[in-house]
Amino acid sequence: MFEAEMRKDHDPSESMFSVEASVEARKYAWQDKHRPRKPRYFNRVHTGYEWNKYNQTHYDKDNPPPKVVQGYKFNIFYPDLIDRTSAPTYRVEKDPESDETVVLRFTAGPPYEDVAFRIVSREWEYNRRRGFRNTFDRGVLQLHFRFKRHRYRR
């Protein structure tokens, strides 16, 4: 599954994202039975231009504005999960280092440790038609989301 995801063609507006946030080491109740290990993951960040009124007046197609993060796609692989009845979960935690970012932590059961990523702190779009996806199927947790786009109106 991991190799298939790596071979997949990706959109030119997406780039690889593999920077983990530091997670404090913790003891697990199942640590004496199973050796804890990090899951494999394949993540992408979706970037693009925001063509708001300011950018429309100061930039054009030949001289575009700076790219901004518009969303993320997280694919985390848990092939050897012992308890297959409970799906892995995620939670958004406040980042102690910066107000502009949050920590997205993925938690599963044995034999996997928690894995966390530092992402931009913006409001998510939960509409399925706008790209939100939260599934756990065949040992792969997929969390895809885009950020809300706020339109300026008078």
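Quick look at the values:
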quantity	calculated
Solvent exposure of region 39-154 as accessible area per residue, Å², 1.4 Å probe	65 Å²
Filter on Lys38/Lys73; Lys94/Lys148; Lys38/Lys148; Lys53/Lys94 - keep pairs with C-alpha separation over 22 Å	Lys38/Lys148; Lys53/Lys94
From phi via Karplus (6.51, -1.76, 1.60), per-residue ³J(HN,Hα) for region 42-59 in Hz, x at Gly/Pro	9, 10, 9, 10, 9, 10, x, 9, 9, 9, 7, 4, 4, 5, 5, 7, 9, 10
Distant-in-sequence amide H partners of Gly71 (H built 1.01 Å from N, under 5 Å)	His46, Phe147
Coordinate range along principal axes, alpha carbons of region 108-154, Å, largest first	54, 23, 9
Fraction of accessible area attributable to carbon and sulfur, region 45-154 (%, probe 1.4 Å)	45 percent
Derived scalar couplings ³J(HN,Hα) [region 108-120; Karplus, 6.51 cos²θ - 1.76 cosθ + 1.60; whole Hz; x for Gly, Pro]	9, x, x, x, 9, 7, 6, 10, 9, 10, 8, 10, 5
Solvent-accessible surface (1.4 angstrom probe) belonging to Tyr54, in square angstrom, nearest 10	140 Å²
Rg and Dmax [Cα atoms of region 41-92; Å; Rg one decimal, Dmax integer]	18.8, 56
FRET efficiency, 1/(1 + (r/R0)^6) with R0 30 Å, evaluated for Arg105 and Tyr54 via beta carbons	0.30
Gain on full stretching of the segment that runs from Lys61 to Tyr126 - 0.36 nm per residue minus C-alpha separation	20.4 nm
FRET efficiency, 1/(1 + (r/R0)^6) with R0 22 Å, evaluated for Asn134 and Asp80 via beta carbons	0.55
Shape category assigned to region 45-154 from the gyration tensor of Cα positions, a/c cut at 1.5	prolate
Distance in nm between pseudo-label sites at Glu93 and Arg149 (7 Å out along the Cβ direction from Cα)	3.3 nm
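The values are calculated or read from the model by the stated rules, or taken from the named source; none is laboratory data. Keep in mind that what you see is a predicted model, and the values were worked out from it rather than measured. Quick reminder, even Gly has a Cβ in these numbers, built from the backbone with ideal geometry, and neighbours come from all protein chains shown. Keep in mind that these areas ignore ligands, DNA and RNA; they rest on the heavy atoms of the full protein, side chains included. Shrake-Rupley method; radii C 1.70, N 1.55, O 1.52, S 1.80 Å.
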